[in-house]
Amino acid sequence: MGRISGWMFAAWGFIVLLKAIYDLFCGEPESNQYSLRPWEFVARDQWLRYGGFELVYGLACLSLAWLLFRYSTFLPEIIQRRTQKPEVSLF
C-alpha cells in the first residue's frame, strides 16, 4: 500500500513540477490573450508567486513520495496471521 501511494504522489508531483517550471519560465496567464495589454489583469509578480506555489507543491509531493518509498521498506510484503481454532466444535 505504501508503494502504490508513493507512485501516485510521485506521478502527481512530477506533473505539477513540470507545469510549474513551464509557468515560471515560458507560460503566461490566459487573461493575457484577451486583454489589450499583457499583464493587465494578472500582474507578473502574482503570476510568479503562483508559479512558486506550484513549484513548492510539486516538490512537496515528490518528497512525500520519497518518504513513502523509504517507509515501505520497513513494511512486510505479506502479513501472515495465525488462525485460531474455535473453542466450540459442533462435529
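The values are calculated or read from the model by the stated rules, or taken from the named source; none is laboratory data. Because the structure is predicted, anything quoted here is derived from the model rather than measured. Using ideal geometry, Cβ is built from the backbone for each residue, glycine included, and neighbour counts are taken over all protein chains shown.
Key figures for this structure:
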quantity: Helices (runs of 4 or more DSSP H) within segment 2-91 that include 3 or more residues in contact (Cβ under 8 Å) with a residue 60 or more places away in the chain; calculated: 2-25, 44-72
quantity: Residue list for segment 1-51, filter: of a type outside the set (Val, Ile, Thr) and in contact with a Cys (Cβ under 7 Å, 6 or more places away or on another chain); calculated: Phe9, Trp12, Gly13
quantity: Of the criteria (1) more than 15 Å from the chain's Cα centre (by Cα); (2) closer than 30 Å to Ser72 by Cβ; (3) surrounded by 13 or more Cβ atoms within 10 Å (Cβ to Cβ), which one Met1 fails; calculated: (3)
quantity: Output for segment 46-91, where each listed residue is of a type in the set (D, E, K, R) and modelled with pLDDT of 95 or more; calculated: Arg49, Glu54
quantity: Candidates Val16, Val42, filtered to the one that is β-branched (Val, Ile, Thr) and more than 23 Å from Leu64 (Cα to Cα); calculated: Val42
